[in-house]
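The values are calculated or read from the model by the stated rules, or taken from the named source; none is laboratory data. These numbers were taken from a predicted model, which means no experiment stands behind them. Every residue, glycine as well, gets a Cβ built from its backbone with ideal geometry; the counts of neighbours run over all protein chains shown.
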Ligand code: P53
């Protein structure tokens, strides 16, 4: 195998999905704390109290009614509030990561743990200390932290005041990011500004719905503010410590045309531009691509973009391109004969691939395709910071968990990474998603498990929280020890 000798093998999590302790240590609530549990069929809701004091619920990414505030309401379970309680278990969990031989661990910092409402001038000291302790614990085992600054968990207070449609949130984010860079200088070197920043536009038309022009207008505006916030953070991160390696984080879905009809080929190309290249181009090249005019015009989008924004985008380009990869999808202009419908995926079924219980296509070659295409486009170091299989696990009588399907999934993806490296791609790291079982972002379920480490916790929030090693735990340990030779 041809993995470089200092290749960063590891695993990935996000604060809102593992940490819990939502109201401990001076933390304020994030929107994810008011998001209910769902399933592949039942969407997740965000709950609130309206201006007349009545409880209500709405779908994610839809506007909060005037005068309402997010709140816990009776009859719902909010899985992210407690998650898998990394807040209290981090020492035990990190020891298990070290046992697997992790070189890196990806985690995120909960914004509302440092800035409970998001608007405070000074950060919450207890929150700062919590992450300092986590980073020190990682360093104890020579595990390099890889830290996402924003992973889907904007403070609820900011969300109630316009969220990312409010330009002022850029300053709030920049203050938060600056605190992270300053406080953890010397402890953290690898940073990601926004998790899957491209989701806002890429998933606008999911679930068979057609987004309105107003929805496009808002989505592109949100993205613009986030891209500016990211670029400002990159500049500050570099000024604080020139050793910092700061990356973008793109939800990487490889797209293929379903037929050789030129209409499909063209549609597929346009989907790459809208879904994947749009953000990567801004973050890696420092400017919007030529195709954005077409994309904006299509939906009569007029953005608030200043001259200063454009300069920021230019000066805040990233040092590495990082992305998640789970699956590929098909694009077609033709009537669909065979449709896939899972959570976050809908569209034509690829007859050459198999699908997970959540409808996600198993496509390791799609990862090679993505790596080679993106490296050619940006020529920056790449890191795969999420990849994994969400699956049902069965605990045997003796407590063992035989997750051969997960091992098979990883093995095939790692083989393709190796080929890409042989072809010249500068791939520097790989962190598998949910190295410890966690709350699913899409469905809020626990039973959609990703971990090498099992956590005894169910969809209703019941369980002992006990951690145990799955078969894949021992397998990944060998992979790391042999630097990818022993698959
Ligand atoms: P879950 C959709 C499609 C691809 C990746 O997803 C996605 C999503 C949003 O759910 O998100 C990333 O938990 C995300 C993680 C998330 C992971 O993929 O729905 O960065 O927070 O948990 C897996 O199975």
Q) Tell me, which helices (runs of 4 or more DSSP H) lie completely within region 199-271 with 1 or more residues that are more than 16 Å from the ligand (Cβ to nearest atom) and more than 20 Å from residue 297 (Cα to Cα)? A) 213-240, 262-271
Q. Right, residue 189: surrounded by fewer than 20 Cβ atoms within 10 Å (Cβ to Cβ), closer than 19 Å to residue 236 by Cβ, under 20 Å from the mean Cα position of the chain (by Cα) and away from the ligand (no atom under 16 Å from the Cβ) or not?
A. yes
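One line per residue, one yes/no per condition, for (1) closer than 20 Å to residue 435 by Cα; (2) surrounded by 19 or more Cβ atoms within 10 Å (Cβ to Cβ); (3) out of contact with any helix residue (DSSP H, G or I) (no Cβ under 9 Å at 6 or more places or on another chain):
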position	(1), (2), (3)
111	no, yes, no
135	yes, yes, yes
140	yes, no, no
155	no, yes, no
Q: Residues being farther than 14 Å from residue 394 by Cβ and either modelled with pLDDT under 95 or within 11 Å of the ligand (Cβ to nearest atom) (or both): count how many of those fall in region 449-458.
A: 1
Q: Restricting attention to strands (runs of 3 or more DSSP E) lying wholly within region 1-77, give those where 2 or more residues are within 16 Å of the ligand (Cβ to nearest atom) and either on the phi < 0 side of the Ramachandran plot or surrounded by 14 or more Cβ atoms within 10 Å (Cβ to Cβ) (or both).
A: 8-12, 45-49
(Q) Could you tell me how many of the residues in region 92-106 are in contact (Cβ under 8 Å) with a residue 60 or more places away in the chain and in a helix (DSSP H, G or I)? (A) 6
Q: Quick one: in region 343-358, of everything that is within 14 Å of the ligand (Cβ to nearest atom) and within 21 Å of residue 267 (Cβ to Cβ), which residue is modelled with the highest pLDDT?
A: 347
Q) Which one is nearest to the ligand (Cβ to nearest atom) among residues in region 375-410 that are crowded, with 21+ Cβ neighbours inside 10 Å and in a strand (DSSP E or B)? A) 386
Q. Of the residues that make up region 459-478, is at least one within 16 Å of the ligand (Cβ to nearest atom) and either without any contact (Cβ under 8 Å) to a residue 24 or more places away in the chain or surrounded by 16 or more Cβ atoms within 10 Å (Cβ to Cβ) (or both)?
A. yes
Q | Evaluation of residue 430 against (1) outside any strand (DSSP E or B); (2) within 16 Å of the ligand (Cβ to nearest atom); (3) at pLDDT 95 or above (one fails), failing number | A | (1)
(Q) What's the total number of residues in region 294-330 that are more than 16 Å from the ligand (Cβ to nearest atom) and not in a loop (DSSP other than H, G, I, E, B)? (A) 15
**Q.** Close pairs (8 angstrom Cβ cut-off, 6 or more residues apart or separate chains): closer than 19 Å to residue 193 by Cα and free of Cβ contacts under 8 Å to residues at least 60 places away in the same chain in region 11-33, within 13 Å of the ligand (Cβ to nearest atom) and part of a loop (DSSP other than H, G, I, E, B) anywhere
**A.** none
Q. In the set 138, 146, which member is over 23 Å from residue 31 (Cα atoms) and within 16 Å of the ligand (Cβ to nearest atom)?
A. 146
(Q) Is it the case, given these coordinates, that residue 444 is more than 15 Å from the ligand (Cβ to nearest atom) and in contact with a strand residue (DSSP E or B) (Cβ under 8 Å, 6 or more places away or on another chain)? (A) no
Q: Tell me which of these residue 259 doesn't satisfy, since it passes every other one: (1) crowded, with 21+ Cβ neighbours inside 10 Å; (2) under 28 Å from residue 369 (Cβ atoms); (3) touching a residue at least 60 places away in the same chain (Cβ under 8 Å).
A: (1)
